[in-house]
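Worksheet: the structure to be examined is printed underneath.
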Amino acid sequence: MPAFVRVAAVSELPDPGKTLVEVDGDLVALFHVAGRFHAIDDVCTHDGGPLVDGELADHTIACPRHGAKFDIRTGAALTMPAVRPTRSHEVKVEDGQVYVRLREHGAANGPAAHAMPTAAAAAAASAATTSAASDVSPTGTASTAGGVATAPGGPPASGAAATGEGLLGRPLSEEIVREILKEVKDPELFVNIVDLGLIYGVTLAAAAETPAKQQISVDMTMTSPACPAGPQLIADTKRALGRHADVAGVEVRIVMDPPWTPDRMTEAARDQLGIF
Ligand code: FES
């Protein structure tokens with residue numbers, strides 16, 4: 001098990017306050033809020049954003065990149081686009097010094113079991129409190145735009161399940177297109193792009209060279225401008241729709257205005273993500 005590492009003096013970090021520290025080579029965001037210290041990985045689980053640079057409000061830190069919020073006490077992801085917790089670490093305060101012990105990768109984030117050092121122990125300068133977060137010792141002082149492509153056909157790739165034969169056999173319409181697109185899933189969230197609210201528009205038009213077939217245009221947004229899943233979602237959309245025999249081509253336009261917000265998700269998507 002890793003050892004506790006001294007990272008700061010209590011007096012060095014105001015309350016409320018936050019700072020970046022290094023523990024055994026890992027970057028850790030250290031917080032001082034309401035008299036207690038908390039430590040979590042300085043890594044947003046959406047796309048690696050530096051959490052310590054975000055806005056701290058009460059016990060919540062907002063990722064500066066796309067706004068996902070995390071609970072600094074437990075590392076829990078509170079809002080989209082992050083859905084996985086970041087690691088929280090054990091903290092203790094001893095003799096006016098703050099110590100952090102890294103939690104092992106893969107270990108469950110523990111609850112913030114606070115324990116205040118006793119006055120007697122503090123007076124003896126020997127009391128130590130070990131917890132997922134630690135109180136200040138009483139002796140402590142103040143403490144894409146424009147992604148356009150056309151391509152029909154091709155087998156489904158990862159993220160696009162095999163299109164149902166029933167849908168492929170039905171005449172093309174906007175409704176059928178949206179049903180087919182439900183088979184394309186965000187590779188990070190494992191929720192389909194229709195229920196996520198990423199599809200802003202679908203238009204069908206007779207193909208210029210093969211009027212019996214349809215040219216499909218899909219206006220798609222991303223949960224964030226720098227969404228790393230963007231290229232895969234575009235490719236999977238084209239592959240999924242391109243399997244329909246009546247499709248001559250598929251154009252995917254990335255639209256970032258209006259920006260995606262979590263309230264665009266359907267109830268089904270919320271249920272899947274455990275958001276209520
Ligand atoms: S990197 Fe943090 S919300 Fe996207």
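Tabulated results
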| quantity | calculated |
| --- | --- |
| Derived scalar couplings ³J(HN,Hα) [region 40-55; Karplus, 6.51 cos²θ - 1.76 cosθ + 1.60; whole Hz; x for Gly, Pro] | 9, 4, 7, 9, 6, 7, 6, 8, x, x, x, 4, 5, 7, x, 8 |
| Hypothetical label at residue 212: residues of region 227-256 whose amide nitrogen lies under 20 Å (7 Å Cα-Cβ projection) | 242-250 |
| Region 204-218 - phi-based ³J(HN,Hα) in whole Hz, Karplus 6.51/-1.76/1.60, Gly and Pro as x | 10, 8, 4, 5, 4, 8, 9, x, 6, 10, 10, 9, 10, 10, 10 |
| Amide H within-cut-off set for residue 247, under 5 Å, with H built and near neighbours excluded | 214 |
| Under 20 Å from the Cα of residue 213 - aspartates and glutamates, other chains or at least 8 residues apart | 165, 174, 175, 179, 246, 251 |
| Nitroxide proxy distance, nm - points 7 Å out along Cα→Cβ at residue 261 and residue 203 | 2.6 |
| Added length on full extension, which subtracts the Cα-Cα distance from 0.36 nm per residue, residue 179 to residue 271 | 31.2 nm |
| Within-12-Å neighbourhood charge of residue 50 [Cβ basis; K, R +1; D, E -1] | -2 |
| Cβ-based exposure ranking for 103, 253, in which fewest neighbours within 10 Å come first | 253, 103 |
| Cβ-based exposure ranking for 209, 55, in which fewest neighbours within 10 Å come first | 209, 55 |
| Other-chain or far-sequence residues with amide H under 5 Å of residue 90's (modelled H) | 101, 103 |
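Read-outs: derived from the displayed coordinates by stated rules, not from any lab. Just so it is clear, the structure is predicted and the values come from calculations on it, not from any experiment. Methodologically, a virtual Cβ is constructed for each residue, glycine included, from the backbone with ideal geometry; neighbour enumeration extends over all protein chains shown.
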